[in-house]
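Trainee: Here it is, the structure, as structure tokens.
The values are calculated or read from the model by the stated rules, or taken from the named source; none is laboratory data. Quantities reported herein were computed from a predicted structural model and do not represent experimental measurements. Heads up, the Cβs are rebuilt from the backbone with ideal geometry, glycines too, and the neighbour counts pull from every protein chain shown.
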């Protein structure tokens, strides 16, 4: 199986093996099993003194060079205000707000809604945070929590053992979460098990019901307009679930290797990225009471693994992160024409997220690149540093206290260093003329 930084081949039943990454244990096929010297990850704090005017040339499609040496902001100096109670002095200040640390496991998944943040780790626990403090928590018996999505009062969690758990928040007490079921339901498992035709081969000499994931659930995506949940797995498939009755409508044999990312976009378009190095586009059609997904095209074929996908807020651009540290993007207005490559990481991109005009890429090099899109031009505004392990997941919420001059986001980053860091990031581009003037005067 392809991974970030090296190539690893294994049988399907070997995907769950644990390996070492710079002294950190993990169970993810996208992280290299090669032990790197700590010097590989030493990055200098962002500094205005390293800014070069050519780096922000608007005519360039991608950010060449190392933005870690060119970022105009120092992101390593925390300020302690809660993200919901900024003082006027901090409204436009970008940087680290605080860290959420609970020494119980590497952080693999995040989901933010209103004033709550859900975190999933390899401890089997889902923690809930509010105003930078632990609010409550609940435990799943299904192992490592690889994905979390929220739909109204329902929380879906995807796990290492292939199960999808459904949780509900008590209407009387927001801190109480009760398990409301499992996908697929026991009723559907029983009904399907009666017919031999419902069994498919998942490994050599082993069969399983097609409605069940037979390996780790790697990612999930909601199509709230259609009331559908998409889940994908290391078993190389993605499945479609109707949220209203928890019924599995379809299972698609999508790739030749683990599916690492699935994104539901507009007009019934689905994107999947895999360790086989491809990004595929699927079109959903109504098929009786169910769905039928047909392969529309393959956007990318490469040797290195596709590790993350994201679609921007307007659904006009698709982003793809890979184990070679690059982020490719395609423009939907131009019939998914390749738009360029964002170059900012030394090691594998492990997660992507779009918020407003910004795109965030988290990497095994322990940093988060912040890109701003103006049309089809992307500029690296900043590099967020501070994690001591690979950045595995990202989430964001709009900062409701930000000024009207610029959209501002509260960004959460989860890492294999067992911490979640909270950042304030503005969409406003830095005043490069002022920064260069200050640089010349110093």
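Trainee: For the stretch 200-227, which positions are outside any loop (DSSP other than H, G, I, E, B) and either without any contact (Cβ under 8 Å) to a residue 24 or more places away in the chain or surrounded by fewer than 22 Cβ atoms within 10 Å (Cβ to Cβ) (or both)?
Mentor: 200, 201, 202, 203, 206, 207, 208, 209, 222, 223
Trainee: Would you mind finding the one in 169, 145 that is more than 20 Å from the chain's Cα centre (by Cα), surrounded by 16 or more Cβ atoms within 10 Å (Cβ to Cβ) and without any contact (Cβ under 8 Å) to a residue 40 or more places away in the chain?
Mentor: Going through 169, 145 in turn, just one is more than 20 Å from the chain's Cα centre (by Cα), surrounded by 16 or more Cβ atoms within 10 Å (Cβ to Cβ) and without any contact (Cβ under 8 Å) to a residue 40 or more places away in the chain: 169.
Trainee: In addition: If you check 197, 192, which single one turns out to be buried (at least 16 other Cβ atoms within 10 Å of the Cβ), outside any strand (DSSP E or B) and free of Cβ contacts under 8 Å to residues at least 60 places away in the same chain?
Mentor: 192
Trainee: Still on this structure, please answer the following. Taking the criterion of being farther than 21 Å from residue 301 by Cα, part of a loop (DSSP other than H, G, I, E, B) and touching a residue at least 60 places away in the same chain (Cβ under 8 Å), would at least one residue in the stretch 247-254 satisfy it?
Mentor: Checked the stretch 247-254: no residue is farther than 21 Å from residue 301 by Cα, part of a loop (DSSP other than H, G, I, E, B) and touching a residue at least 60 places away in the same chain (Cβ under 8 Å).
Trainee: Return the only residue of 284, 236 being buried (at least 20 other Cβ atoms within 10 Å of the Cβ), touching a residue at least 12 places away in the same chain (Cβ under 8 Å) and at positive phi.
Mentor: 236
Trainee: If a residue must be over 22 Å from residue 353 (Cβ atoms) and either at pLDDT 95 or above or surrounded by 20 or more Cβ atoms within 10 Å (Cβ to Cβ) (or both), how many such residues does the stretch 255-276 contain?
Mentor: The number of residues fulfilling the criteria is 4.
Trainee: Across the stretch 290-306, which residue is nearest to the chain's Cα centre (by Cα) among those that are in contact (Cβ under 8 Å) with a residue 40 or more places away in the chain and either in a loop (DSSP other than H, G, I, E, B) or on the phi > 0 side of the Ramachandran plot (or both)?
Mentor: Among them, the one singled out is 305.
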